[in-house]
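Please treat every number below as a calculation from the coordinates, not as lab data. Since the structure is predicted, the reported quantities are computational estimates derived from the model, not experimental observations. Using ideal geometry, Cβ is built from the backbone for each residue, glycine included, and neighbour counts are taken over all protein chains shown.
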Amino acid sequence: MRLFTLLLILVCACPVGAQTVEDMRTHIEYLADDGRGGRRPGSKGMKEAQKYIRAECKAQGIQTYTQEVDTRNTKCVNLIAVIPGHSEKRIVIGAHLDHIGKSRRGRVNNGADDNASGSTVALMLVDQLARGPKPGCTIEIHWYTGEEEGLTGSRAYVRSPLAPIDQYKCMVNLDMVGRMERTGLYGEGFKFDAVLQKLYKKYPFASKITFTGSGGGSDHVSWRKAGVPAVFLHTGLHSDYHKPTDDADKINLIGLVDVCHYALDIVRGVDQKLEPRKPTAPYVLW
């Protein structure tokens, strides 16, 4: 614990790092607060979480859309932010925002790692991508509903996307990325292995990355079934999975910054392969 505290102090000694870490802390603490009630689809807490994300996107000048979804017991919505690119090709960054609500004893399952962590990374990527340079491909950022009920939101989206499905060239899924004990990659049908290989040399945690041809019952599966190459980022299951103990104070914020950088590098790398061009502005992370 002392080592983690020291590392957090060192990161926060840099103004940019401090801004990033504190923004992440703010987002996760809001999304995974008891007041959100566990973010069950259609609930008041889920609607508050979606309203929060829409307001953050609006502050960056990014337009958002909603798509109504029939979940198991109610109607809810997927939330979509769009960052226009130079071409009609599309890359998707996705994370499910829903969780499982309260336990049988009435305790709130806050789902800080599952999946306020991935939802926060997606929100931070909106902030980064909104700063430019303008991407070659149009980039959509999705916050799904109904993942915990059988990928309901992502399945609904691929059946009725904003653009023809053949314009979607890649999907990056963020689900449970808040512990950073290890990082897993699942990429069945992924056509951009060279992008991932380059990142193995760039990141100090790359030696802990696993890559497999299949696995992971999360929203990337809906995209793979629709014929779109997809990669799944996660940092492993743990004893707090689907329990009221999955709280914000257990999130590795420094590791979450690494996940942000790593996911953004995947998106930028795929974008450059799909739409090769000379950079129009410096590519600088937080």
Length-normalised contact order of the stretch 55-104 in % [C-alpha pairs under 8 Å, at least 6 apart]: 26
Over the chain, volume per residue of the alpha carbon convex hull, in Å³: 124
Extended-chain gain in nm, criterion 0.36 nm per residue less alpha-carbon gap, D34 and K198: 55.0 nm
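Taking 8 Å as the Cα distance limit and 6 or more residues as the minimum spacing, I'd like the relative contact order of the chain as a percentage.
Numbers: 575 pairs, mean separation 64.5, N = 286.
Relative contact order comes out at 23 percent.
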Residue exposure sequence - T120, T235 - by fewest surrounding Cβ within 10 Å: T235, T120
Nearby lysines by direct alpha-carbon distance to K202 (threshold 26 angstrom, same-chain neighbours under 8 apart not counted): K134, K169, K191, K273, K278
Segment K273-Y65, length gained on full extension (0.36 nm per residue, minus Cα span): 72.1 nm
Kyte-Doolittle mean at least 0.5, axial Cα span of 20 Å or more - DSSP H helices of the chain: 253-274
Neighbour-count order for Y203, Y262, fewest beta carbons within 10 angstrom listed first: Y203, Y262
Ranked S119, S239, S154, criterion: other C-beta atoms within 10 Å, fewest first: S239, S154, S119
Dipole axis of the stretch 2-274 (+1 Lys, Arg; -1 Asp, Glu on Cβ), positive-most option in V270, V108, G61: V270
Beta bridges by DSSP in the chain, antiparallel share as percent, to the nearest 5: 45
